[in-house]
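Here is the structure we will look at, set down as structure tokens.
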Amino acid sequence: MLTIDHISKTFHPGTVNEKRALDHVCLTLHDGDFATIVGSNGAGKSTLFGAIAGSFYPDEGFLELDGQDITFVREHNRSKYIGRLFQDPLMGTAPHMTIEENLAIAYLRASAHTSFISRISARDRAFFREQLALLGMGLEDRMKNPVGLLSGGQRQALTLLMATMVTPKILLLDEHTAALDPATAVKVLDLTKRIVAERHITCLMVTHNMNQALELGSRTLMMDAGRIVFDVSGEERRGMCVDDLLERFAASSGAAFNNDRILLSTETGE
Ligand SMILES: Nc1ncnc2c1ncn2[C@@H]1O[C@H](COP(=O)(O)OP(=O)(O)OP(=O)(O)O)[C@@H](O)[C@H]1O
Ligand SMILES: [Mg+2]
């Protein structure tokens with residue numbers, strides 16, 4: 001269970017660029033919860049992920065994961081049990097290293113008992129091969145290829161595998177299919193759904209696609225100006241459509257929704 005208790009973060013305090021990106025955010029995420037997050041540009045969605053992953057420490061408030069206070073645990077240590085994917089497929093993998101080496105690093109980082117300098121054993125290699133085959137992209141036959149040769153979709157699928165090979169306590173997906181072409185985006189999203197469901201992974205996913213926000217997972221959060229302004233699940237969520245979501249946003253923020261990518265995807269039905 002993840003508990004976020006009144007965390008705030010102001011960037012560049014005391015300067016003309018001062019920006020309160022998180023404003024007393026509170027959130028409880030139970031094991032197995034899959035919550036989607038929507039919000040205007042600059043609402044604080046990625047900053048919230050940064051706070052959970054430990055990219056910075058909050059100015060106030062605290063974070064607890066499975067009863068352990070992680071507020072000041074370093075990002076590197078948190079990465080052993082918190083998986084994170086970004087919009088940019090270039091983040092998250094080392095391009096000059098092979099698929100096999102990337103998988104080995106991720107595997108060794110997340111499985112506490114193995115030393116980082118261990119060699120890749122035949123057993124590890126067989127395990128990686130088996131995991132890659134599950135992606136259905138033929139990557140199991142390219143394990144010696146540098147990751148830099150892969151397409152964006154293949155890299156995102158690989159990053160997803162790396163983040164989940166050892167089941168994380170929480171998985172953070174920050175518009176991880178937004179930079180992919182539509183067909184590849186569908187493929188990576190299907191993989192995501194399958195892995196998250198099969199392994200009961202607790203997951204937070206930012207999306208600019210309002211339909212997706214209501215269809216995927218079991219709960220939808222809406223952020224505005226550094227706050228969670230709306231949190232819906234269960235029966236109420238099942239009865240909602242995209243227009244309801246936009247209306248709720250206007251009602252709680254006093255403004256119309258302002259996210260170029262959301263408006264575009266709502267119009268085109270992407
Ligand atoms: N490292 C940083 N330094 C300074 N300001 C930052 C930093 N990170 C984020 N911000 C600011 O904090 C606010 C929230 O940004 P954030 O990236 O969390 O928004 P977002 O909800 O993810 O938006 P988008 O939908 O555009 O991705 C923005 O005003 C942004 O400019
Ligand atoms: Mg963002």
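Numerical summary
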{"quantity": "Condition check for F34: under 16 Å from the mean Cα position of the chain (by Cα), closer than 25 Å to A197 by Cβ and within 16 Å of ligand 2 (Cβ to nearest atom)", "calculated": "no"}
{"quantity": "Residue within the stretch 84-94 that is within 16 Å of ligand 2 (Cβ to nearest atom) and small (G, A, S) present", "calculated": "yes"}
{"quantity": "Conditions (1) more than 19 Å from A53 (Cβ to Cβ); (2) at pLDDT below 90: number failed by M137", "calculated": "(2)"}
{"quantity": "Residue match in the stretch 57-69 (condition: within 12 Å of K9 (Cα to Cα), near ligand 1 (Cβ under 8 Å from one of its atoms), in contact (Cβ under 8 Å) with a residue 40 or more places away in the chain and in a loop (DSSP other than H, G, I, E, B))", "calculated": "no"}
{"quantity": "Residue among F56, F34 that alone is at pLDDT 95 or above and under 17 Å from G226 (Cα atoms)", "calculated": "F56"}
{"quantity": "Those residues of the stretch 7-23 which are under 21 Å from the mean Cα position of the chain (by Cα) and over 21 Å from L173 (Cβ atoms), in sequence order", "calculated": "S8, D23"}
{"quantity": "Condition check for A179: over 12 Å from the mean Cα position of the chain (by Cα) and within 16 Å of ligand 1 (Cβ to nearest atom)", "calculated": "yes"}
{"quantity": "Contacts under 8 angstrom Cβ, first residue in the stretch 85-99 being more than 18 Å from I52 (Cα to Cα) and acidic (D, E), partner within 16 Å of ligand 1 (Cβ to nearest atom) and modelled with pLDDT of 90 or more, 6 or more apart", "calculated": "D88/A179"}
{"quantity": "Meets criteria (within 22 Å of the chain's Cα centre (by Cα) and part of a helix (DSSP H, G or I)) for R155", "calculated": "yes"}
{"quantity": "Test: residue in the stretch 237-251 that is β-branched (V, I, T), modelled with pLDDT under 95 and away from ligand 2 (no atom under 16 Å from the Cβ)", "calculated": "yes"}
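Residue-wise test of (1) farther than 19 Å from R219 by Cβ; (2) within 12 Å of ligand 1 (Cβ to nearest atom).
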site	(1), (2)
P13	yes, yes
D23	yes, yes
D33	no, no
I37	no, yes
G44	no, yes
T47	yes, yes
G50	yes, yes
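The values are calculated or read from the model by the stated rules, or taken from the named source; none is laboratory data. Worth saying up front: this structure is predicted, and the values here are computed from it rather than measured. FYI the Cβ positions are ideal-geometry reconstructions off the backbone, even for glycines, and counts take in every protein chain you see.
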